[in-house]
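Quick notes on the structure that follows.
Laboratory data are not the source of any read-out in this text; all were calculated from the coordinates shown. Source: prediction; values computed, not measured. Every residue, glycine as well, gets a Cβ built from its backbone with ideal geometry; the counts of neighbours run over all protein chains shown.
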Amino acid sequence: MGCVAAAAAVSPATTLASEKKNEAFVKIPDRKIRVDSSWDVIVVGGGPAGCTAAFSAAREGARTLIIESNGVLGGMGTSGLVPAWTPFSDGKQMIYRGLAERVFNESKKGVPHEAPENLQWVSINPEHLIMVYDRMVEEVGVKVLFFSRVCSVEMASEEKIDAVIVANKSGLTAFRAKVFIDATGDGDVFHLAGAPMQPHNPERQPMSLCFVLAGVDVTSHLMTPYIHHDGMDGRSCCHKEIRAFLLEHSGLESFCGPWFNTTVSGSELAVNITRIDCDATDNRAYAAAERKLRRDMHHLVGLLKNSFREFADCRIVSSGINVGIRETRRILGKYTFTGDDLRNAPAL
């Protein structure tokens, strides 16, 4: 094991006054921390993209590590309770292959109440999907660090990362690898490394907090046409009647859908309905948005409970560990994949 210099605990602290903003800064002395150089590939982020990248690397013989900030793999489908996979087909045939198709087929086993031929929006059973990803990465020997966050990077050159500095219950550790893959969804590692980002998008996609209700009657004429979020046969997957009611009575500046999926049992309903615009790279704004969406969740559920008999006995049984973020930083890569690229791709 070697050592690397990194920012560490404050001792002693020298406070410097900012001339531009009436703020205080602390000068943190350099400190040597442990280095782990055991890896060929390090993937930061254990969502669907990160797990797929790690599996692919380990399958080819690379010593591979996933660094994940939450305590489960699978990203927002598991920790965030996102109700469903978006379509894996064009309505006629699968348009994904390889690991994506494997995860799709395995995840469908967790929702046996759904039609097996459905290739569109398939509900997510989060506890089942967690195990799908656990088994997948263990199969090829991928190692996983949970509850760990990259807080800094050490650069070997202007364009090459030497190590990522990770903070967790064990303190600070520097991890070296031949290849680093940023699968954080927010470009955290590349941002810390100084990689160029695309200009800020003024029409940034909003964030949502998903949750699960128990005790909902999903068998009524009001509910059955909108369950499973599939939009098949030209039907909208957004519940029009409930949306119209909420537009009139919710008093909220913004909400989405609502979109509904049954999960493990018929009376449990996964819900995507909350919405807020926020820059999730601003930690204070992100924290405020989390609190706002939790208040909105309880407000909207109260309206449904008091206004529709299907929801009269409902209760919130779980909500996402964190809000689902749709868009923050976007790296300026060597090539930008476009809609035309997708439309003009060769047929399978």
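Helical runs assigned H by DSSP (4 residues or longer) give the chain a calculated mean residue ellipticity at 222 nm of -7000 deg cm²/dmol, each run adding -39500 (n - 2.57) before division by the residue total. Restricting attention to the chain, close to 75% of DSSP beta bridges with both partner residues there are antiparallel. Dipole size of the chain about its Cα centre, with +1 on Lys/Arg Cβ and -1 on Asp/Glu Cβ: approximately 660 debye, rounded to the nearest 20. The structure shown yields mean projected area of the Cα convex hull in nm², and of the options (1) 19.9; (2) 17.1; (3) 21.2 that calculated value carries the label (3).
Placing unit charges on each Cβ (+1 for Lys and Arg, -1 for Asp and Glu) gives the chain a dipole about its Cα centre, and among Val26, Thr263, Thr86 the Cα reaching farthest toward its positive end belongs to Val26.
Mind putting a number on the dipole of the stretch 75-232 about its Cα centre? Charges go on the C-beta only, +1 for Lys and Arg and -1 for Asp and Glu, and I need it in Debye to the nearest 20. Don't skip to the end; give the middle numbers.
Working: 13 positive and 19 negative charges, 59 e Å.
That gives the stretch 75-232 a dipole magnitude of about 280 debye.
A straight line joining the Cα centroids of the stretch 66-108 and the stretch 280-342 runs 18 Å. Taking the Cα centre of the stretch 206-348 as origin and assigning +1 to Lys and Arg Cβ atoms and -1 to Asp and Glu Cβ atoms, the resulting dipole is close to 340 debye. Among rounded, prolate and oblate, which fits the stretch 152-310 when a ≥ b ≥ c are the square roots of the eigenvalues of its C-alpha gyration tensor, a/c under 1.5 means rounded, and a/b larger than b/c means prolate? Here the stretch 152-310 falls in the prolate category.
What relative contact order, as a whole-number percentage, does the stretch 97-138 give when Cα pairs under 8 Å and 6 or more residues apart are counted?
Relative contact order here is 43 percent.
Helices from the chain with mean Kyte-Doolittle at least -1.0 and a Cα length along the axis of 18 Å or more, per DSSP H: which?
Values: long enough: 126-139 (20 Å, -0.29); 283-307 (36 Å, -0.81).
Answer set is 126-139, 283-307.
Based on DSSP loop calls and a cut-off of at most 11 other Cβ atoms within 10 Å, the longest stretch of the chain free of exposed chymotrypsin sites (Phe, Trp or Tyr not before Pro) is what?
1-334
Give, as a single signed number, the net charge of other residues whose beta carbon lies under 10 Å from the beta carbon of Val72, with Lys and Arg counted +1 and Asp and Glu -1. Summing Lys and Arg as +1 and Asp and Glu as -1 gives -3.
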